[in-house]
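The values are calculated or read from the model by the stated rules, or taken from the named source; none is laboratory data. From a predicted model like this one, the values you see are computed outputs, not experimental measurements. Quick reminder, even Gly has a Cβ in these numbers, built from the backbone with ideal geometry, and neighbours come from all protein chains shown.
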């Protein structure tokens, strides 16, 4: 559940909700049918979307090690599921806590930025075909956040490695 909504219920144990709190809950409840619809569409079309993305990725990157491709696809699947869950619960922090904080270090370790960048482009293309514009609009904020966070985490690693290499070269 959205942490703000949960906090409102926690604070309101001994009193009635304030008008601004009721307004927030009303907005949350009113947006639920649209969020549920988007969640169901993703759930029902996930296999089709990811199979298409996997086939296209292998065509575009035939030289990439199969194990890395599989790892990136698994991470993208997790990303999509956590973004869908974030959408459903309306909890923006969920993607950071459950996906980025966990997968980010793995993308640095395995150096998958190039694969991830192509994978995200292909995934976004498939999502734009599989979802309505309204559904895509619901999903896009958390998906864009997750993708940018993973790619920037990988970039930080590259910059760190390059500066370490330069320092080693200068020191010699």
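Taking residue 11 as the residue in question, decide whether it is at pLDDT below 95, part of a helix (DSSP H, G or I) and surrounded by 12 or more Cβ atoms within 10 Å (Cβ to Cβ). It is true that residue 11 is at pLDDT below 95, part of a helix (DSSP H, G or I) and surrounded by 12 or more Cβ atoms within 10 Å (Cβ to Cβ).
To keep it simple, each residue is scored yes or no on (1) within 19 Å of residue 57 (Cβ to Cβ); (2) modelled with pLDDT of 95 or more.
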{"site": "101", "(1), (2)": "no, yes"}
{"site": "122", "(1), (2)": "yes, yes"}
{"site": "157", "(1), (2)": "no, no"}
{"site": "161", "(1), (2)": "no, no"}
{"site": "166", "(1), (2)": "no, no"}
{"site": "169", "(1), (2)": "no, no"}
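Residues that are touching a helix residue (DSSP H, G or I) at 6+ places or on another chain (Cβ under 7 Å) and modelled with pLDDT under 95 occur in region 27-50; there is at least one. Scanning region 79-98 for residues that are surrounded by fewer than 16 Cβ atoms within 10 Å (Cβ to Cβ) and not in a helix (DSSP H, G or I) yields a single hit, 92. Mind checking which residues of region 29-56 are under 20 Å from residue 92 (Cβ atoms) and crowded, with 17+ Cβ neighbours inside 10 Å? Correct list: 35, 38, 39, 42. Per the listing 63, 59, the residue uniquely modelled with pLDDT of 95 or more, exposed (fewer than 12 other Cβ atoms within 10 Å of the Cβ) and not in a helix (DSSP H, G or I) is 63. When the criteria are applied in full, residue 107 meets the requirement of being more than 28 Å from residue 26 (Cβ to Cβ), at pLDDT below 95 and assigned to a helix (DSSP H, G or I). Does residue 105 satisfy the criteria of being closer than 17 Å to residue 152 by Cβ and surrounded by fewer than 19 Cβ atoms within 10 Å (Cβ to Cβ)? It is true that residue 105 is closer than 17 Å to residue 152 by Cβ and surrounded by fewer than 19 Cβ atoms within 10 Å (Cβ to Cβ).
You will find that of 30, 76, the residue that is assigned to a helix (DSSP H, G or I) and touching a residue at least 40 places away in the same chain (Cβ under 8 Å) is 76 and no other.
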